[in-house]
Amino acid sequence: MKQEEIEMELWEYIDGLCNKADHERIATLIATDAMWLQHYNELTALHALIPKELEIEQPSMRFTKNVMEAVAAVKIAPATKKYINHTVIKGIAAFFIITIVASVIYAFAITDWHSGNNDAYTNAFAKMDLSAFFNSNFFYVTLGINVVLGLLLTDTLFRRKLRNSRS
Amino acid sequence: MREQADDNEIIQLVLQGQQSAYSVLVERYQQYVFTLAYRFVNNREIAEELAQDVFVKAYRYLADFKGNSKFSTWLYTIVNTTCLSHLRKKGDGIISLAEEHIISIVDNNGGQLPNNLLHQKTQKQMLEAAMRYLPDGDAQLLTLFYQAEQSLEEIGIITGQTPNNIKVRLFRARGKLKEILTQKFSKELM
């Protein structure tokens, strides 16, 4: 077993994160194997050193006073649940889902499944007159908003990935 | 558990308008918040400014603390995001004055710390110095685990990562710390 794997298992043992079977197995290895014992002693020494010698830093004596002076001018913001109504968000989501499902059902309903040619789907969509929607300003505004929201979502996802990869 | 109940009671008092009650929370957590901020920036003045910002933000958004986690976990999440924002604004490659001082001494002494400095170093000083050599995030992780006594799940909440990721990062941070102590301070450890 590589040293890194041994140390990983020993840290789990020291932190109490392994299950009962692994705990007993590692305890036996520490008791019987000199290499395991040596690594165990090194790691427990470090584990004891860190909390013992690492100091909690103290801010200045005026710190609490400075904070209280700063918060004196601040108002507590209302809880987000008070101005973000999840029912409204769920309603908007339900509207879009229902619209998509209704469109799909409508497309299937007007499809001639017995026509026996490959143009069944094309004919079905050709029968739907969507020109009124595509020519309206409402459509372009909605499309614009969706594009912006899509870009914001993509940006958030990439930023999260970048943050995770950096850490 | 008792302290968690006390924190929630104090938070309720503050939300009901007793602003002065907030000073109890500040007194209780200022050292940990300051220490965490200090681990990020290695500069006392900046760390104190950041710590103050953290408490002001925590006060402003106190109504959003739902009590599902410990108040300390929620507070340290604010520390993490505030300090990371600060570091992003300042850019990479920040070297604290303390580190510059050490680097300059080492540079002027042929790559080694002078003997009198070596002899004066206590284990505490060695560990503090070794922590400064750790990559970004590792020192804060060790501080959260050992000093702020946060569990892996809680650290995961604070940093926005899974407990398994935290376990692996903690393992690597300890490994690096051991390596730094062995390589750079082996004489003092003997």
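The values are calculated or read from the model by the stated rules, or taken from the named source; none is laboratory data. Predicted model only: the values in this text are computed from it and were never measured. Here the Cβ positions follow ideal geometry from the backbone for every residue, glycine too, while neighbour counts run over all protein chains shown. Just so you know, the surface numbers come from the protein's heavy atoms only, side chains and all, with ligands and any DNA or RNA stripped out. Shrake-Rupley method; radii C 1.70, N 1.55, O 1.52, S 1.80 Å.
Overview of values
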item: Residues that are in a helix (DSSP H, G or I), farther than 20 Å from A:Lys65 by Cβ and of a type in the set (A, V, I, L, M, F, W, C), drawn from segment B:44-70; result: B:Ala63
item: Whichever residue in segment B:49-78 is without any contact (Cβ under 8 Å) to a residue 60 or more places away in the chain and among the β-branched types (Val, Ile, Thr) and, among such residues, is farthest from the other protein chains (Cβ to nearest Cβ); result: B:Ile78
item: Residue match in segment A:47-67 (condition: more than 12 Å from chain B (Cβ to nearest Cβ) and either in contact with a strand residue (DSSP E or B) (Cβ under 6 Å, 6 or more places away or on another chain) or part of a helix (DSSP H, G or I) (or both)); result: no
item: Residue in segment A:22-39 that is basic (Lys, Arg), exposed (fewer than 11 other Cβ atoms within 10 Å of the Cβ), more than 10 Å from chain B (Cβ to nearest Cβ) and part of a helix (DSSP H, G or I) present; result: no
item: Selection from segment A:135-162 of residues that are touching a helix residue (DSSP H, G or I) at 6+ places or on another chain (Cβ under 8 Å) and open to solvent by 100 Å² or more (accessible area, probe 1.4 Å); result: none
item: Test: residue in segment B:32-43 that is more than 10 Å from every other protein chain (Cβ to nearest Cβ), open to solvent by 50 Å² or more (accessible area, probe 1.4 Å) and not in a helix (DSSP H, G or I); result: no
